Amino acid sequence: MGVAIIIAWLGLWLFRQNDEVGLLLTSVATLLTLITFRHIRELAEAQKESLRRALAQADRRNRELERLRHLAGNLLAGADLESIMKEVARSASDLLEAESGAVTLVVEEGRFLRVTAAYGAIESALGLLIPMEGSLLGWAVSQDTALVSDDMNTDPRSYHPSNISVPLKTTAIIPLRSAGVPIGTVSVYNRRDGNPFSDHDVQLLQTLGDQVVVGLDRASVLQESRRNELALRTKNVELQRATQLKNEFLTNMSHELRTPLNAIIGFSDLLLDGGTGELSQPQREFTEAVSRNGKHLLSLINTALDLSKIEAGRMTLTLAMTDLREAIKDAVADTASLRTAKQQECTLELDTASLTILADGGRVRQILFNLLSNASKFTREGGKISLAAVRTKVPLRQPAERAGERARFTKQDVVWVSVADEGIGIKREDMPKLFQEFSQVDSSSSRRAQGTGLGLALCKKFVEMHGGTIGADSVFGKGAAFWFLLPAEGPVRRTA
């Protein structure tokens, strides 16, 4: 442009000097100016076209990102697998501006692909089985790679199902992977503008496929979780029903068994008291055996019934100020016959401080009776049993004031009671079996001590109902000590 101006000025000067060269130079300058303006116009048109293409590409990219964002939102919404598959097929068609889209999954031990979702003109293919061998979809899965076919009719890998009436000309297919293994495909068919699918289209489809796998895995986990939740709910209902039936059975059986047992025990005691005349020594021994075993069986029935009531929530405590000193002495007296038969000694070590607490005296005596009975049962003849009680302060778990809050530990006045024996002791690996219903350290038929395994479980229930705790310590071969703590002020209830 600058050169044209210089030539024009030079030509005008020469023209004024009546030089013919000046006219020629003026003409050349005019021609150069026209060429320059035309070139500028062409550059402007090119820039305008480039800007239009850039805007169109940006608009397309925005639409692609919006579609991917929308799909990601649906995948994370926790929808079922069928809804997710439909959304994927539709999104694939919209993203690549195709007439149809489909999702397939590997089935029949890898021999077929099932069309699990279809959108557009190929919706009639839903549920169709595509053979892995001899199909473009199967080739993409077996080779684990994306493919584009610009002419499906002449492609030797194509499979032509009879129930698809629309002509399928072009396709883009990508494999779906889960944990690195191909599990299916996402495919689109026939671009709406008639052009073949590009590398950009394949990359876009692959991006969609990566999102799909995450959504499918999440949906599968959620679906499995829902199935497990339903199964668990069904099992809970069955368990509640079974528990109710068990409780009803125990209640009915305890009533049916108590009536004849009370008669057996009553008549046995009557015979032993001489109500029907004096008994000979063999007769007295037999009658004592009947009475003793009848009372033992009645005790077992009462224990099972108590556990059933606790589990059903029908067991309540009758709280009153209870002197544990007297309760301990009563329990020792009630179990004296057991130790006398085995020539065992029981020693007491009771704190001089007050042992009076707020508790259910009957249940506390039942705890002491069970522990003393077990101690006598597992202690050798001529052995020693010791019972100790001390008033002290210890941190006990206190229920939270409000629902949802964590329980806390507070130091409270308690009475600690321990029953120690010189029995066979308990192995370390057997300690977890203690305090479990129907669980015994030695469950073999040849075990030394017989029983149902309910006594300690019942003790644990009663102690915890009082807000206390129970435990055991043992040295195998030397003996065991069972202890429990009861809060002096009774069980602490969580306020509503």
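Observations, loosely collected:
- Once region 345-398 is narrowed to residues that are within 43 Å of the chain's Cα centre (by Cα) and of a type in the set (D, E, K, R), the residue that is surrounded by the most Cβ atoms within 10 Å (Cβ to Cβ) is ARG363.
- Selected residue [more than 23 Å from GLN366 (Cβ to Cβ), modelled with pLDDT under 80 and β-branched (Val, Ile, Thr)] from THR495, THR392: THR495
- Exclusive hit being under 36 Å from the mean Cα position of the chain (by Cα), hydrophobic (A, V, I, L, M, F, W, C) and either outside the structural domain of VAL181 (by TED's automatic domain parsing) or at pLDDT below 85 (or both), set LEU81, LEU129, LEU105: LEU81
- When the residues of region 320-331 are filtered to those that are at pLDDT 90 or above and of a type outside the set (Lys, Arg), the one that is surrounded by the most Cβ atoms within 10 Å (Cβ to Cβ) is LEU324.
- From the list VAL166, VAL188, the lone residue that is aliphatic (A, V, I, L, M), more than 16 Å from THR104 (Cα to Cα) and either surrounded by fewer than 16 Cβ atoms within 10 Å (Cβ to Cβ) or at pLDDT 85 or above (or both) is VAL166.
- Restricting attention to region 453-479, the residues being assigned to a loop (DSSP other than H, G, I, E, B), hydrophobic (A, V, I, L, M, F, W, C) and surrounded by fewer than 16 Cβ atoms within 10 Å (Cβ to Cβ) number 1.
- Residues in region 138-179 that are of a type in the set (Val, Ile, Thr), closer than 24 Å to LEU208 by Cα and free of Cβ contacts under 8 Å to residues at least 40 places away in the same chain: THR145, THR170, THR171, ILE173, ILE174.
- Residue count for region 88-144, restricted to those that are among the hydrophobic types (A, V, I, L, M, F, W, C) and part of a loop (DSSP other than H, G, I, E, B): 6
The values are calculated or read from the model by the stated rules, or taken from the named source; none is laboratory data. These figures come from a predicted structure and were not determined experimentally. Cβ atoms come from the backbone with ideal geometry, glycine included; neighbour counts cover every protein chain shown.
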